[in-house]
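Quick notes on the structure that follows.
The values are calculated or read from the model by the stated rules, or taken from the named source; none is laboratory data. Values in this document were obtained by computation on a predicted structure and should not be read as measured data. Please note: Cβ atoms are built from the backbone with ideal geometry, for glycine as well, and neighbour counts cover all protein chains shown.
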Amino acid sequence: MTAGVEPRYRGVFPVVPTIFDERGGLDLDGQMRCVDFMIDAGSNGLCILANFSEQFVLTDEERTLLIDRILSHVAGRVPVIVTTTHFSSRACAGRSRAAQDAGAAMVMVMPPYHGATIRVPERGIHEFFRIVSDAIAIPIMIQDAPVSGTALSAPFLARMAKEIANVSYFKIEVPGAASKLRELIELGGDAIEGPWDGEEAITLLPDLDAGATGAMTGGGYPDGIRQIMDPWQAGDREAAVAAYGRWLPLINYENRQAGLIAAKALMKEGGIIASEAVRHPLQPLHPKTRAGLIETARRLDPLVLRWAR
């Protein structure tokens, strides 16, 4: 990152899973315990309504309820990023303005896409983010993820950062993330306030080497990710490398085996929430996959397995 630019937000901002009961309804009590655990586990901030929050199975009414309840419950203890992705520029701008009004510190948005084939060219994407930016006064994090099926080149991202007022954070979770982060920082200069790692921290160490200042991970073990981030930010790369080596088996198990259910399975195992249910048509973890996740976690003694005991 360019010298002299101090990001407003940095560190570990994990995704908060949406907690359901066994019938598929929102479990708001469990949701608040989940949030309290994640703050106690050292999260520098939180992100809600992301893909790992199962945002795609929520109604608009449920989104509004979760934003209001979670931000009220957090009550300023940590900054909260709200995902406001929508294909419509107008709808995304409206969602983003509502999130800001509710107290969001930042919004996270993917480029507009629909299904496997409906995409928007660069001109439309640029206009989309300008419309969203014009509606709010808080930072926009562009989520550069394969799920959108939209190629966002580093030069294009850097240009949007320079030309669109609130576009200043970037969650890069595509193949070759470190190389893309390095190029983005070089091209964007001071306009790149927050180059961030994503994808459950599977590439965190090379991304830090490339200049990442934040990490948006799964919600199950912020304390473990802090063991990597804190020494790195203090200038102790060797300690960060050692911590990355310790936590990588669990990071890998989440990223490659358990996916978005990992955080809820860990929280259920630790007694934080009553149910790890995902909303249909998503399917529960295979029992052996779950057992492998818990075994891998127990070797590290994360707070998630102790916080509620």
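From the list G235, G245, G198, the one residue that fits, being small (G, A, S), in contact (Cβ under 8 Å) with a residue 12 or more places away in the chain and out of contact with any Cys (no Cβ under 6 Å at 6 or more places or on another chain), is G198. Just one of the listed residues (G189, G198) is more than 14 Å from the chain's Cα centre (by Cα) and not hydrophobic (A, V, I, L, M, F, W, C), namely G189.
The number of residues in the range 123-134 that are of a type outside the set (V, I, T) and surrounded by fewer than 19 Cβ atoms within 10 Å (Cβ to Cβ) comes to 6.
The residues on offer are E6, E61, E22, and the sole one that is under 26 Å from A137 (Cα atoms), in a loop (DSSP other than H, G, I, E, B) and more than 16 Å from the chain's Cα centre (by Cα) is E6.
Taking the listed residues E122, E127, E163, E61, the one that is over 24 Å from A191 (Cα atoms) and modelled with pLDDT of 95 or more is E61, with no other qualifying.
The set of residues from the range 271-289 being crowded, with 18+ Cβ neighbours inside 10 Å and either within 18 Å of V15 (Cα to Cα) or of a type in the set (K, R) (or both) comprises I272, I273, E276, A277, V278. Considering the range 98-126, and only residues there that are in a helix (DSSP H, G or I) and in contact with a helix residue (DSSP H, G or I) (Cβ under 7 Å, 6 or more places away or on another chain), the residue that is farthest from L49 (Cα to Cα) turns out to be E122. Of the residues examined, E54 is one that is in contact (Cβ under 8 Å) with a residue 40 or more places away in the chain, of a type in the set (D, E) and surrounded by 18 or more Cβ atoms within 10 Å (Cβ to Cβ). Scanning the range 245-277 for residues that are β-branched (V, I, T) and within 13 Å of T289 (Cβ to Cβ) yields a single hit, I261.
Is the range 221-238 home to any residue that is part of a strand (DSSP E or B), closer than 30 Å to I294 by Cβ and of a type in the set (A, V, I, L, M, F, W, C)? No.
Evaluated against (1) surrounded by fewer than 23 Cβ atoms within 10 Å (Cβ to Cβ); (2) in a helix (DSSP H, G or I), R95 falls short on exactly one condition, (1). The set of residues from the range 278-309 being within 18 Å of F37 (Cβ to Cβ) and either part of a loop (DSSP other than H, G, I, E, B) or small (G, A, S) (or both) comprises A297, L300, D301, P302, R306, W307, A308, R309.
Per-residue answers, yes or no, for (1) in contact with a Ser or Thr (Cβ under 9 Å, 6 or more places away or on another chain); (2) of a type in the set (D, E); (3) over 19 Å from S43 (Cα atoms):
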| position | (1), (2), (3) |
| --- | --- |
| A137 | no, no, yes |
| D144 | yes, yes, yes |
| A151 | no, no, yes |
| A154 | yes, no, yes |
| A165 | yes, no, yes |
| F170 | no, no, no |
| S179 | no, no, yes |
| D190 | yes, yes, yes |
| T217 | no, no, no |
